[in-house]
Amino acid sequence: MKVPVVFFLLALSAVAEVRTLTLRDALDIALKQSPDVVLARLDQQRARAQVTIAKDPFSPKLFAGSGAAYTNGFPTSIDGNAPAIMQAKAPMTIFDRSQSYRAAQANEAVRGLEFDIGLRQDEVAYRVATLFFDADQASRSMTAIGLQLQSLTRVRELTGVRVSEGRELSIESTRADLKVMQAQQRQAELADLIADAETSLAQVLGFDPGDRVQPAQEDRRVNSVVDSEETAIQQALESSHEIRRLESSLQSKNLEVKSYQAERLPKVDLVAQYSLLSKYNNYDKFFPRFQRHNVELGASITIPILTGRSGRAYMTQAQVDIEKIRTEIGRTRGRITADLQHAYREIRRTETAQKLARADLDLARMQLSLDLTRYDEGQVIMAQVEASRAAEQEKWIVYYDTQHALEVARITVLRQTGSLVAALRQ
């Protein structure tokens, strides 16, 4: 059983592909073939077909047919008409206000799905950007960890020599070993994080299972954020695809209520029929005059008198749905406002954290320069210099983390304001 599994894994790894893409290229691909966007477009395509179905009763149709049957007595057919050699009918609804509202409701559903596609595109763009920044931050940290590991390994070697010479306690060697092991563990964790981010990015882009997408080395910092928090909130509430989709659903439910109310209105259908009769159907025994060609053209009017209670029950359900949608709109507006306020607080916090991390990094670099100078002067040993190098790389990792947090906070604001796609394409 193990042999087929091994061959399957080998075949899967053979077809797996690692792609290197820029953020803009990945965004364009995602907006075209991401499974979430594709499913939303298919829903819209289905909704367009539903519009055609809802409008179908108002379209003219033509049916013609013939048949043969034995009759005894008064000439009649199964549907109650006179037996005919050939018969043609052209049914069409002329006036049905209830069906007209249902057609308008189907059109509104198509319009609502436009907002749903926009919402899916915003979500996909946000996921692409966050995964790109996750992979980029992990890659930068991986480079820093590699350099840090080299320095810590050198420290361990030098400490081991000093311990063997009796110039250091043995605990220092154990401490150096522990730091190397910790760096190796972080390196393995970052490798897994990079693999997860690149695999998830490939899935978002709709690539084959097993594929990975590596971010291309480029300057892709996101800086275009609305300066004013109040302006951003207003812009988000006005352009939110989620709110507009809910408003479209509200309009659709209003049309549904009107369609139930219109069930009590008269309905007018076209009556158009042609029949070709045969004199061998004993018409002369029951009618004083026979005519071969017969045409009927007019309108059929149906006036509802007792329509039952189901229509009112359906209308009550629709009105309850309307109240639920209105409540959801209010809740969504409040959530968007709160999310933007939190995002701006996060931007301010991460900007401060980044400044502190940068100052800490600059201090570590100054300390390394000082240790190098003191080493040249014979004041410190090489182990201390390598320890300073490892400390500098640690500060770089912290700086990358704050930079990543700031980027995520900014794209969160852009996502809420509906300007993320435009900002990523700049």
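With only the Cα atoms considered, segment 92-133 has a convex hull volume of 49 Å³ per residue.
Note on the chain: helix-only mean residue ellipticity at 222 nm, from DSSP H runs of 4+ residues weighted -39500 (n - 2.57) and normalised by residue number, equals -24500 deg cm²/dmol.
Ordering P209, A262, S275 by Cα displacement along the dipole of segment 208-355 toward the positive end leaves S275 in first place; charges were set at the Cβ atoms of Lys, Arg (+1) and Asp, Glu (-1). Once both labels are positioned 7 Å from their Cα atoms along Cα-to-Cβ, the gap between E247 and R48 label points is 2.4 nm. Full extension of the chain segment joining I94 with F286 gains 65.6 nm, where the gain is 0.36 nm per residue of separation less the Cα-Cα distance.
Site pair H342 and Q150 shows an inter-label distance of 4.2 nm when each label is modelled 7 Å from Cα along Cα→Cβ.
Per-peptide packing, taken as the mean over residues of other Cβ atoms within 10 Å, places 263-274, 19-30 in the sequence 19-30, 263-274 from highest down.
Potential lengthening of the chain between S66 and R41 amounts to 4.6 nm, from the contour at 0.36 nm per residue minus the alpha-carbon distance.
How high is the FRET efficiency between H293 and Q319 when r is their beta carbon distance and R₀ equals 51 Å, given to the nearest 0.05? For R0 = 51 Å, the calculated efficiency reads 0.45.
Element breakdown for segment 306-426 at a 1.4 angstrom probe: carbon and sulfur atoms account for 52% of the accessible area. For segment 329-391, just list the percent of Cα-Cα distances falling in each 5 Å bin from zero outward, please. Binned Cα distances yield the sequence 4, 16, 14, 11, 9, 8, 8, 7, 7, 5, 5, 3, 3, 1, 0. Take the chain with all the other protein chains still there, run a 1.4 Å probe, and you get 59 Å² of accessible area per residue.
In the frame of its principal axes, segment 366-417 has Cα extents of 59, 14, 7 Å, reported largest first. Between D208 and A188, the FRET efficiency from the beta-carbon distance, with R0 = 25 Å, is close to 0.40. Can you give the relative contact order of the chain as a percent, counting alpha carbon pairs under 8 Å and 6+ residues apart? With pairs under 8 Å counted, the relative contact order is 26 percent. Computed extension gain for L306 through Q367, at 0.36 nm per residue and net of the alpha carbon distance, reaches 12.8 nm. If R0 is taken as 51 Å, the Cβ-Cβ distance between E114 and A82 corresponds to a FRET efficiency of 0.45. Given +1 at the Cβ of Lys and Arg, -1 at the Cβ of Asp and Glu and no other charges, the dipole of the chain around its Cα centre is 2280 debye to the nearest 20. Database remark: amide H of E168 closer than 5 angstrom to the amide H of V163 (H placed geometrically; neighbours at sequence offset of 5 or more, or on other chains; Pro and chain starts carry no H). Given that just one value was derived from the coordinates, which of [x] 105, 28, 15; [y] 77, 28, 16; [z] 37, 27, 20 is semi-axes √(5λ) of the Cα gyration tensor in Å? The value matching this structure is [y].
Listed peptides 114-122, 378-386 appear in the order 114-122, 378-386 once ranked by packing, highest mean of other Cβ atoms within 10 Å at the front.
The values are calculated or read from the model by the stated rules, or taken from the named source; none is laboratory data. What you are looking at is a predicted structure, and each value in this text was computed from that prediction instead of being measured. Every residue, glycine among them, receives a Cβ derived from its backbone with ideal geometry; neighbour counts consider all protein chains shown. Just so you know, the surface numbers come from the protein's heavy atoms only, side chains and all, with ligands and any DNA or RNA stripped out. Shrake-Rupley method; radii C 1.70, N 1.55, O 1.52, S 1.80 Å.
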